[in-house]
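What follows is a short report on a single structure.
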Amino acid sequence: MMRGGMAMLAGLGVVLGGGVGAAAQPGGQPAYVGRWADQQGWCRNRVGTDELPLTIRQRSLDGVEWACRFVQVTGSPPEWRVTARCEGEGMTNRKRFIFRVEGNRMRMTYVDRGNRTFSAVRCP
């Protein structure tokens, strides 16, 4: 059974959130770029469990059986608003997220699910 925010996101097909220390990373990438997990221990997990990190790139978000391509990204540190086209399990949907990054933590808000919010930690 899936647990926690990341697991729920995997089931829903996406989410995200910025704050102190949320400036661009080396290479000019936004602070939301990276691998994010519900718990630090999930960062080392591999396929075969539902407790996997999400991979967020500058223009995409990838889970195990779904992926989103960002159609629009607005905002600046610490908060970005994202509109995405997501595909998974034979379905395509438009999703809206808010990523708020504070250091190595992110609050991810799934706008289309009543602003449901999850917390994540950055994986090394």
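The values are calculated or read from the model by the stated rules, or taken from the named source; none is laboratory data. Every value quoted in this text rests on a predicted model; they were computed, and no experiment measured them. What goes into the accessible areas is simple: the full protein's heavy atoms, side chains included, and nothing from ligands, DNA or RNA. Shrake-Rupley method; radii C 1.70, N 1.55, O 1.52, S 1.80 Å.
At q = 0.13, 0.14, 0.23 Å⁻¹, what log₁₀ I(q)/I(0) does a Debye calculation on the Cα points of the stretch 51-111 give, no solvent, two decimals? So the normalised log intensities are -0.33, -0.39, -1.00.
Of all the accessible heavy-atom surface of the stretch 38-111, with the other protein chains kept in place and a 1.4 Å probe, what percent is carbon and sulfur?
42 percent
The phi torsions of the stretch 101-112, fed into the Karplus equation with coefficients 6.51, -1.76 and 1.60 and a -60° offset, translate into couplings of 9, 10, x, 9, 10, 9, 9, 10, 10, 9, 4, 6 Hz, rounded to whole numbers, with Gly and Pro shown as x.
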